[in-house]
Amino acid sequence: MSDRVLERGTGALALSTVDERRRIAPTAAQFHLRYSGMESGQMQIGDGVVPNLSENGIGILGNQLGKRGMELAFFVDLPGSEDPLCISEGRV
């Protein structure tokens, strides 16, 4: 997963491949999620929503911003599912 990055732009974070991050049009979505990662030895936990997704990434509007290179785990609440979808590896 080393070729995937999270990018911040216009207030959102988007998980995508570097080469294709702007080639695939996103689809509108509305999912709640939680995310966490380590920054300077401190655990950071965020809460937010996924407003859009595409084949190679997701957009995130959340209350904690990650720094470039930071690894994150995501827990996405999907409609009709009792347990969140866990994405164990993502990178800013």
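The values are calculated or read from the model by the stated rules, or taken from the named source; none is laboratory data. Since this is a predicted model, take the numbers as computed values, not measurements. Cβ coordinates were reconstructed from backbone atoms using ideal geometry, including for glycine residues, and neighbour counts include every protein chain displayed.
Evaluate region 57-67: report whether one residue or more is at pLDDT below 85 and basic (Lys, Arg). Within region 57-67, one or more residues are at pLDDT below 85 and basic (Lys, Arg). If we scan region 10-21, do we find a residue that is of a type in the set (Lys, Arg), part of a loop (DSSP other than H, G, I, E, B) and modelled with pLDDT under 75? Yes, the conditions are met somewhere in region 10-21.
Residues in region 46-78 that are surrounded by fewer than 11 Cβ atoms within 10 Å (Cβ to Cβ) and without any contact (Cβ under 8 Å) to a residue 24 or more places away in the chain were compared, and the one that is farthest from residue 27 (Cα to Cα) is 69.
Check region 38-50 and report whether any residue there is modelled with pLDDT under 90, assigned to a loop (DSSP other than H, G, I, E, B) and polar (S, T, N, Q). Looking for residues that are modelled with pLDDT under 90, assigned to a loop (DSSP other than H, G, I, E, B) and polar (S, T, N, Q), one finds at least one in region 38-50, hence yes.
Of the residues in region 80-87, at least one is modelled with pLDDT of 75 or more, surrounded by 13 or more Cβ atoms within 10 Å (Cβ to Cβ) and assigned to a loop (DSSP other than H, G, I, E, B).
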